[in-house]
Amino acid sequence: MTGLNPRAYNQNPMRRRWIVLALVFLGIVINYIDRGNLSVAAPWIMREFRIAPAAMGVLLSAFFWTYGVFQMPAGAVVDRFGIRRTYAAGFLVWSIASAAIALSRAPADITGLRLLLGLAEAVAPLASISFIRNNFAPQNQGLPTSIYISGQNIGPAIGALVGAILLDRFGWRMMFAITGLGALVWLPCWWIAAPSDTASFPRKGESNAPPTVAEESEPSQPWTWEMFAGNRTFWAMSLSILLSSYYWYFVLTWVPSYLILSRGFSTLQMGRVVSTALFSMAIVNVTAGWAVDKWAARIGVFPARLRFAVAGYIGTGAILLLLVARDRSWALPILTLAMCATGIGNSNFWTISQHVPPRNMVGRTIGFLNTVSVAAGAAAPIITGLILGPQKHFGPAILVAGLCPVLAAVCLLAAGSQGLEGMKSLLAGKTGAL
């Protein structure tokens, strides 16, 4: 917080929430650097420990086992205790776990530390989304959510670029040590800036009405899984995030290896290609978030964001062009196009998801959807490793991954704006929601 006037900081909550949002952004950047380091180092670890692609797929998947299992418990913890302490504790544990991979002597060591990393990182997206939901009005959540989602793009971009440089100069062990321990400078900044666990910043001065009773209070009756069993929107949203996440985690876990093993890029060239695509994704993501906020104010939150999400996921299918591009120079423009479309789809999906539940159910709702997302994250590396086989042929794996976001768009169309409004009413405890 150097250079910041403490009195002005404390007396200007509207300014302070953007400062905290900047820390949320940086936190998720670090989160994705630490979870993605193994993907960058995969070819070297495979060589040092003599690991086949199928076994490497298991290592890449291990993070998601605990990350997925602890999504809903972590959501309940965030809802119960607030974001300040839970995020700080999770950040400390995952940074140490990531750095400790440098000491690994066998694949089992990496597996154990990745399991701990997944457990600790489960808090980050839930705390981030809860902060945005509680401190920004519905029609103004697109930009802050896009800023947050852009951190998920910039994190892997920085991880690929910096990781490639560190790998080239110092080896994979020092890469884990430097990125894991270096990130701890974030922690005291968060502890100073984040709101107390019993408070949120006021939302005065915005061009919106205050939150409705449905947004502020618990449902009039507790919801149960039976309430959703026959709800088309519930299943459509769940299947949509499952499919889109399979593609996203395929990109994060195996595309660096694809560029090196299949396209013949060097380590540094791979880092430049991946980082360029992901940096472009982040810029488009934030720009689209600002644009959709303007449109949502005119036609409504769900209609505007649903259309952007569908268009984004259809555009993500452009990765299939890698199957017909014979020259490796096409890898960068194709990945950039697909990644930019992914950013538009993902940011609008998560903005829709945080607008549906009441404010004090955001952690649990996002926790459930993140659990579904992480199930795809656990499956994608293993399935891809099995598809590759000893020949390391990426064609069928790209085909499967590229079709998934297109099908995700179809699911969102099946959910529809009216279905989302019905789900919002259902979670608010209103009768006749189904």
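The values are calculated or read from the model by the stated rules, or taken from the named source; none is laboratory data. Just so we're clear, the structure is a prediction, and the values are computed from it rather than from any experiment. Cβ sites come from the backbone with ideal geometry, for glycine too, and all protein chains shown count toward neighbours. When the accessible area is computed, the model is the full protein with side chains, heavy atoms only, and any ligands, DNA or RNA have been set aside. Shrake-Rupley method; radii C 1.70, N 1.55, O 1.52, S 1.80 Å.
Is it true that some residue in segment 159-178 is within 15 Å of the chain's Cα centre (by Cα), touching a residue at least 40 places away in the same chain (Cβ under 8 Å) and part of a helix (DSSP H, G or I)?
yes
Can you tell me which residue among Thr224, Thr233, Thr212 is more than 25 Å from Phe63 (Cβ to Cβ) and either at pLDDT 90 or above or open to solvent by 70 Å² or more (accessible area, probe 1.4 Å) (or both)?
Sole residue among the options that is more than 25 Å from Phe63 (Cβ to Cβ) and either at pLDDT 90 or above or open to solvent by 70 Å² or more (accessible area, probe 1.4 Å) (or both): Thr212.
Looking at (1) of a type outside the set (Phe, Trp, Tyr); (2) farther than 19 Å from Arg364 by Cα; (3) touching a Phe, Trp or Tyr at 6+ places or on another chain (Cβ under 7 Å), which is the one condition that is false for Ile83?
Going through the list (1) of a type outside the set (Phe, Trp, Tyr); (2) farther than 19 Å from Arg364 by Cα; (3) touching a Phe, Trp or Tyr at 6+ places or on another chain (Cβ under 7 Å), Ile83 breaks only (2).
Please go through (1) under 20 Å from the mean Cα position of the chain (by Cα); (2) open to solvent by less than 30 Å² (accessible area, probe 1.4 Å); (3) at pLDDT below 90 for Thr342 and return the number of the only condition it doesn't satisfy.
Single failed check for Thr342: (3).
Which pairs have Cβ atoms under 7 Å, sit 6 or more apart or on different chains, and link a residue in segment 1-29 that is at pLDDT 60 or above to one that is open to solvent by 60 Å² or more (accessible area, probe 1.4 Å) and charged (D, E, K, R)?
So the pair list comes out empty.
Is at least one residue of segment 239-260 part of a helix (DSSP H, G or I), surrounded by fewer than 19 Cβ atoms within 10 Å (Cβ to Cβ) and modelled with pLDDT of 90 or more?
Yes, because at least one residue in segment 239-260 is part of a helix (DSSP H, G or I), surrounded by fewer than 19 Cβ atoms within 10 Å (Cβ to Cβ) and modelled with pLDDT of 90 or more.
Taking the condition of being surrounded by fewer than 23 Cβ atoms within 10 Å (Cβ to Cβ) and part of a helix (DSSP H, G or I), how many residues in segment 63-84 meet it?
12
Suppose the filter is modelled with pLDDT of 90 or more and closer than 16 Å to Ala157 by Cα; does Phe279 pass it?
The answer is no for Phe279.
For segment 138-157, which positions are assigned to a helix (DSSP H, G or I) and more than 19 Å from Arg35 (Cβ to Cβ)?
Correct list: Pro138, Gln139, Asn140, Gly142, Leu143, Pro144, Thr145, Ser146, Ile147.
Scan segment 243-253 and give yes if some residue there is closer than 30 Å to Arg328 by Cα and among the small types (Gly, Ala, Ser), otherwise no.
yes
Among the numbered criteria (1) open to solvent by less than 50 Å² (accessible area, probe 1.4 Å); (2) within 22 Å of the chain's Cα centre (by Cα); (3) of a type in the set (A, V, I, L, M), which one does Ala296 miss?
Only one criterion is unmet by Ala296, namely (2).
Is it true that some residue in segment 86-95 is in a helix (DSSP H, G or I), touching a residue at least 40 places away in the same chain (Cβ under 8 Å) and more than 21 Å from the chain's Cα centre (by Cα)?
Within segment 86-95, none of the residues are in a helix (DSSP H, G or I), touching a residue at least 40 places away in the same chain (Cβ under 8 Å) and more than 21 Å from the chain's Cα centre (by Cα).
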